[in-house]
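Below is one structure, written out as structure tokens, with a few remarks after it.
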Amino acid sequence: MRVIFRCDASIQIGTGHVMRCLTLADALAARGAVCYFICREHEGHLLEVIRKGGHQVYSLPFKADVEKSGKNGIKLLHADWLGATQQEDTQQCIDIIKLIEPDWLIVDHYAIDIVWEKMLRPYCKKLMVIDDLADRAHDCDILLDQTFGRHTEDYLDWIPDNCQVLCGSKYALLRPEFAKWRDYSLERRKDGMLKHLLINLGGVDKDNITSKILKGLQNSSLPECCKITVVMGSTAPWIESVKAQAKALPWKTQVKSGVNNMAELMANSDLAIGAAGSTSWERCCLGLPTVMLVLAENQLLIAKNLEETGAVLLTKLNETLIADLGIEYIIRNDNLLFMSKAARLICDGLGAQRASKLLTNNSKDTF
């Protein structure tokens, strides 16, 4: 089986779309599929990361100042994330796809909609969309939205009648190490102590939120014996300034970049401070309580749904961040235990296996 992924990473887009596609590609490859990627050369792309993962990548040139046109001339909110018009992107992709003749074309891109998909339909057997916005029309056979609390009804106005929708954190595309570390992680949380704080604001953190978090911690009630680990992506532009700031903290603080053992780091942490992106499902799988920030409008649904379960404590990003981290609230009255128990019910880490099985079996079964 041959599978092509169309996705991008950049300083603006972040790394999440490519990373979750890589996870699905690895799961498909384990079932015998050959996977290819088509990615545009944005600043902060992950072409080498994909190649190191063992998949072939076709790169497309970047173009600035893209017109925001979608279906029937409707402007797409994220059109400038594509680095070309949809029409230009389709022509470039068609040339590649014709050579491969894929069984599945998988699209994970906020700047792509039904216009692109209809033009590519003749060149693949089936088409799958990965989305979490539910804000534009699609022409696909399967749509996957891993958002906790998302319902099939949210997409009924946007997809064909025969499209199968895979909704909810049951289908969260996590690398297999998260399921592997799950039992260990849940077992070590029974004492409810805060000895290790993990800070991760995504793969890029272009607005340097990490520095604001570290500043906010300076007058917090974090225990003296607590150690802090800060994880940043290899393309994050503020790594050096964060390292300098970390040295001035009263707690033992380590800054890591481009790590390949995130599941292990999460499993050995007692509390995380992070954004409401795809990393949310990784933390939930490992029962890791979280102080959560909303850094983009499309993260609001995730954040509010997780807050309602008690798995996270939402905090606002503002100039008085010191007063908003909520460390004291979390560490008293067994709140770490309560949050962990709520989080572990949301995701089991097997979503990529479920999705890859469905794709390779080419069936309409749900499981």
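The values are calculated or read from the model by the stated rules, or taken from the named source; none is laboratory data. Owing to the predicted nature of the structure, the values given are computational and were not obtained by experimental measurement. FYI the Cβ positions are ideal-geometry reconstructions off the backbone, even for glycines, and counts take in every protein chain you see. When the accessible area is computed, the model is the full protein with side chains, heavy atoms only, and any ligands, DNA or RNA have been set aside. Shrake-Rupley method; radii C 1.70, N 1.55, O 1.52, S 1.80 Å.
For the range 108-246, the mean projected area of the C-alpha convex hull, equal to one quarter of the hull surface, is 12.3 nm².
Put simply, the C-alpha atoms of the chain give a gyration tensor, and the ellipsoid matching it has half-axes of 36, 22, 19 Å, longest first.
Taking the alpha carbon gyration tensor of the range 1-158, multiplying each eigenvalue by 5 and rooting it gives semi-axes of 21, 19, 16 Å, largest first. With 31 Å as the limit on Cα-Cα distance, the pairs of Lys170/Lys247; Lys212/Lys357; Lys170/Lys190; Lys243/Lys357; Lys75/Lys126; Lys118/Lys357 that go past it are Lys170/Lys247; Lys212/Lys357; Lys243/Lys357.
Projecting the Cα positions of Cys124, Leu301, Gly258 onto the charge dipole of the chain (unit charges on Cβ atoms of Lys, Arg, Asp and Glu, taken about the Cα centre) puts Gly258 furthest along the positive direction.
Of the peptides 249-257, 130-138, the order by per-residue mean of other Cβ atoms within 10 Å, starting with the highest, comes out as 130-138, 249-257. How many Å² of accessible area per residue for the chain, probe 1.4 Å? Roughly 43 Å² per residue, with all protein chains present.
Stokes-Einstein diffusion coefficient for the range 248-356 at 10 °C in a medium of 1.306 mPa s, Rh from the Kirkwood formula over Cα pairs: what value in µm²/s? Before the final figure, lay out the partial values.
Details: Rh = 14.8 Å.
Translational D for this selection: 107 µm²/s.
Highest average first, the peptides 339-350, 147-158 ordered by how many other beta carbon atoms sit within 10 Å of their residues are 339-350, 147-158. Close amide H pairs (under 5 Å, H built 1.01 Å from N) link Ser234 with Gly258, residues at least 5 positions away or on another chain. Could you list log10 I(q)/I(0) for the range 242-306 at q = 0.12, 0.19, 0.26 Å⁻¹, which the Debye formula gives when each Cα is one point scatterer? Those come out to -0.37, -0.86, -1.16, one per q. Ordering 270-279, 79-88 by mean Cβ neighbour count within 10 Å, with the highest value first, yields 270-279, 79-88.
Summed over qualifying helices (DSSP H, 4 residues or more, each -39500 (n - 2.57)) and divided by its residue number, the chain shows a 222 nm mean residue ellipticity of -9500 deg cm²/dmol. Above 20 angstrom, tally the Cα pairs of the range 199-311 and express them as a % of all pairs, no decimals. That fraction is 40 percent.
The aspartates and glutamates within cross-link reach of Lys195, meaning a Cα-to-Cα straight distance under 18 Å and a gap of 8 or more places when in the same chain, are Glu187, Glu224, Glu264, Asp270, Glu328, Asp334. Taking only the Cα atoms of the range 159-206, the ratio Rg/Rh comes out at 1.15, with Rh defined as the Kirkwood radius.
Apply 1/(1 + (r/R0)^6) to the Cβ-Cβ distance of Lys180 and Leu156, taking R0 = 35 Å, and write down the FRET efficiency to the nearest 0.05. Intermediate results must be reported in sequence, preceding the final value.
Values: r = 36 Å, r/R0 = 1.04.
Given R0 = 35 Å and the Cβ-Cβ separation, E is 0.45.
State to the nearest 20 debye the size of the charge dipole of the chain about its Cα centre, where the only charges are +1 on K and R beta carbons and -1 on D and E beta carbons. Could the numbers behind the result be given before it?
Working: 43 positive and 46 negative charges, 211 e Å.
Value, rounded to 20: 1020 debye.
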